[in-house]
Amino acid sequence: MKIVLLSGRTTKQGVAAEIGKTSDDYLQNVAVIQLNPALMDQMGVKDGDRIEVKTLHGSAVVMCHKSDIEENMGFIPYGPWANLLIGSETQGTGMPDSKGTEAEIEKTDKNVESVDELLTRIVEGRK
Amino acid sequence: MIHENVVCPFCGCLCDDIVVTTEDNQITDVKNACAISKSKFLNHHVNMLESALVDGKEVSMDEAVDRATEILSSADNPLIYGLSSTECEAQRHAIHLAELLGATIDQTASVCHGPTILGTQDAGCVKCTLGEVKNRADLIIYWGCNPAEAHIRHFRRYSVFPEGLFRKGRNEREVVVVDVRATASARIATTFVKTEPGTDFENISLMRAYLKGKRDSLPDELRDLVEKMKTCTFGIIFFGLGLTMSKGKHLNVDAALRLVRDLNEFTKFSITPMRGHYNVTGAGSTMAWVTGYPFSVNFALGYPLSNPGEFSAVDVLARKECDAALIIASDPAANFPAEAWKHLADIPTIVMDPKVSLTTRIAKVSIPVATAGIEAEGTAYRMDGIPLRLKKIVQTSRPSDAAVLTKMIEKVRA
């Protein structure tokens, strides 16, 4: 399923980040994607199921949450999972395209990576 | 002990009415704060960096600072990045260190409101304080931002709900939210205008054309909005990363700033960016008054040059141009595209932070510092450019960012 990917702040993300980015609270509140319930029905997924999000720049597995967002959109809070999906091109501004990236989403059985697993994958993968 | 009128070191609202209770040097209660502020005060000691580390091994503070200075001094093109979650004195020392090292220095605005700075350099900005908004504004527009989640007390303290001199409450103000999705903020709006992603430049340009008499192609909702803007007594646009991070970036902001300038032909209108980190406005101000440029500055030639896209941190890292990095009060491994931050794992990276972060996980040197605004005092700038004094309410043996940077400067000069 194709969506336009948005990212931004949420209160839960802010609260959890202040507890610590390696905490379970942070994982539970940031490794998530908010989707429209109608889109979730079409995909056959329910609240809490895992979704793999892919863009030109990478992929991330996150949990899906119901939201009143538009059907063609998905929202992932700012954080390391959203940043797996965003490119580093800034068009000479310094600012990457953090909002409005096209993404493909599908249901998955893969696990949501912890912060340490994600760091290890990126750090090992660069070699 | 009860500490009154404490300034919150979380977001650009810089709420200065927080009441913090401490017992035995521990924060036990926080009043007037939003959920995130409360979490910051009450959890400031959780997940702390317990000691200085070099290559994952515990070392003394002096050893860590020595090693950090050696790394930075021997690098050809070091990068200094962060600054927005610390106070202005530390920012000033970081710039001094960058000058001595011939380094590139950038602050977190480059991945939030950097495009706002570029737009402002081009178009200028009709500004006012949040106090003027509270006292006078009868039309409040939030465009591409979601204060209900990110600047939680903004409505209550500065815009929608407070009792001002000439506006006594919610019913004397009209509130409009413009966004691509119906956010929590849209629920408190009188009017919610939904736009398509990536259409801000087009929409704002059509609104400007309408003001200049070209009235054919503006959608009804935007026409109604322009009419409200023209006929209000005092209007304000608060805008967020919806404009700066989506297609168009600085051009979106440029258009919005020009729209506000045009509106002043009809009435009084201002515009203010919703700055995220509590002292990102201060980081821009400090860099501007010290170097002449607010972000993305390079000292390789011995004098400051600025060029976003060339000296901005994401670009420097993505092109692998730096051979060492000093990260101050920031977490690029959490906040940058993975394509960019992974270079930090290839080079010796030094992190100064009170807490364990994703970047400390990949750093060669980690230096635990006092949390500015809780364990160290200093100055921070509110989103409207008003400087406020951060308080020290908890004693700590950890040095402040400013103290560590002063030591580094002494060692580099020695």
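Yes/no per residue for (1) closer than 27 Å to residue B:137 by Cα; (2) crowded, with 23+ Cβ neighbours inside 10 Å; (3) away from chain A (no Cβ under 14 Å):
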residue	(1), (2), (3)
B:251	yes, no, no
B:258	yes, no, yes
B:261	yes, no, yes
B:273	yes, yes, no
B:282	yes, yes, yes
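With the structure loaded, tell me whether residue B:362 is within 14 Å of chain A (Cβ to nearest Cβ) and open to solvent by 10 Å² or more (accessible area, probe 1.4 Å) or whether it fails that test.
yes
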Based on what the data block shows, is residue B:129 open to solvent by 20 Å² or more (accessible area, probe 1.4 Å), within 14 Å of another protein chain (Cβ to nearest Cβ) and either at pLDDT 95 or above or more than 16 Å from the chain's Cα centre (by Cα) (or both)?
-> no
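Counting only residues that are hydrophobic (A, V, I, L, M, F, W, C) and in contact (Cβ under 8 Å) with a residue 12 or more places away in the chain, give me the helices (runs of 4 or more DSSP H) lying completely in the stretch B:272-357 with at least 3 of them.
On the way: elements: B:280-291, B:313-318, B:332-335, B:338-341.
The helices (runs of 4 or more DSSP H) meeting that bar are B:280-291, B:313-318.
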Going through (1) closer than 23 Å to residue B:277 by Cβ; (2) outside any helix (DSSP H, G or I) one by one, residue B:76 fails only at (1)
Scanning the stretch B:175-194 for residues that are surrounded by fewer than 18 Cβ atoms within 10 Å (Cβ to Cβ) and among the charged types (D, E, K, R), the one nearest to residue B:221 (Cα to Cα) turns out to be B:194
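Tell me, yes or no, whether the stretch B:301-314 has at least one residue that is within 30 Å of residue B:136 (Cβ to Cβ) and either more than 13 Å from every other protein chain (Cβ to nearest Cβ) or in contact with a Pro (Cβ under 8 Å, 6 or more places away or on another chain) (or both).
So the first thing to find is which residues in the stretch B:301-314 are within 30 Å of residue B:136 (Cβ to Cβ), and the list is none.
No, there is no match, as no residue in the stretch B:301-314 is within 30 Å of residue B:136 (Cβ to Cβ) and either more than 13 Å from every other protein chain (Cβ to nearest Cβ) or in contact with a Pro (Cβ under 8 Å, 6 or more places away or on another chain) (or both).
Restricting attention to the stretch B:386-395, and to residues there that are touching a Ser or Thr at 6+ places or on another chain (Cβ under 8 Å) and surrounded by 15 or more Cβ atoms within 10 Å (Cβ to Cβ), which single residue is farthest from residue B:275 (Cα to Cα)?
Taking the stretch B:386-395 as the starting set, the residues that turn out to be touching a Ser or Thr at 6+ places or on another chain (Cβ under 8 Å) are B:386-390, B:393-394.
Narrowing further to those that are surrounded by 15 or more Cβ atoms within 10 Å (Cβ to Cβ): B:388, B:390, B:393-394.
On the way: B:388: 15, B:390: 17, B:393: 25, B:394: 26 Å.
It comes out as B:394.
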Looking only at helices (runs of 4 or more DSSP H) that fall completely inside the stretch B:130-220, which ones have 3 or more residues that are free of Cβ contacts under 8 Å to residues at least 40 places away in the same chain and closer than 21 Å to residue B:249 by Cβ?
-> B:200-211
Please go through the stretch B:229-241 and pick out each residue that is in contact with a strand residue (DSSP E or B) (Cβ under 6 Å, 6 or more places away or on another chain) and either more than 14 Å from chain A (Cβ to nearest Cβ) or open to solvent by 10 Å² or more (accessible area, probe 1.4 Å) (or both).
-> B:229, B:232, B:234, B:235, B:236, B:237, B:238
The stretch B:88-111: number of residues that are in a helix (DSSP H, G or I), open to solvent by 10 Å² or more (accessible area, probe 1.4 Å) and away from chain A (no Cβ under 14 Å) | 8
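Residue-by-condition table, conditions (1) under 20 Å from residue A:114 (Cβ atoms); (2) open to solvent by 10 Å² or more (accessible area, probe 1.4 Å); (3) modelled with pLDDT under 95:
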{"residue": "A:17", "(1), (2), (3)": "yes, yes, yes"}
{"residue": "A:22", "(1), (2), (3)": "yes, yes, yes"}
{"residue": "A:32", "(1), (2), (3)": "yes, no, no"}
{"residue": "A:70", "(1), (2), (3)": "no, yes, yes"}
{"residue": "A:80", "(1), (2), (3)": "yes, no, no"}
{"residue": "A:93", "(1), (2), (3)": "no, no, yes"}
Here the residues within the stretch B:8-28 that are loosely packed, with under 14 Cβ neighbours inside 10 Å and touching a strand residue (DSSP E or B) at 6+ places or on another chain (Cβ under 8 Å) are B:28
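Do we have residue A:89 as free of Cβ contacts under 8 Å to residues at least 24 places away in the same chain, open to solvent by 10 Å² or more (accessible area, probe 1.4 Å) and on the phi < 0 side of the Ramachandran plot here?
Details: free of Cβ contacts under 8 Å to residues at least 24 places away in the same chain: yes; open to solvent by 10 Å² or more (accessible area, probe 1.4 Å): yes; on the phi < 0 side of the Ramachandran plot: yes.
Taking the combined requirement at face value, the residue satisfies it.
The values are calculated or read from the model by the stated rules, or taken from the named source; none is laboratory data. Quick caveat, the model's predicted, so the values are computed rather than measured. We place every Cβ from the backbone using ideal geometry, glycine too, and count neighbours over all the protein chains shown. Areas reflect the complete protein model, heavy atoms only, side chains present, ligands, DNA and RNA absent. Shrake-Rupley method; radii C 1.70, N 1.55, O 1.52, S 1.80 Å.
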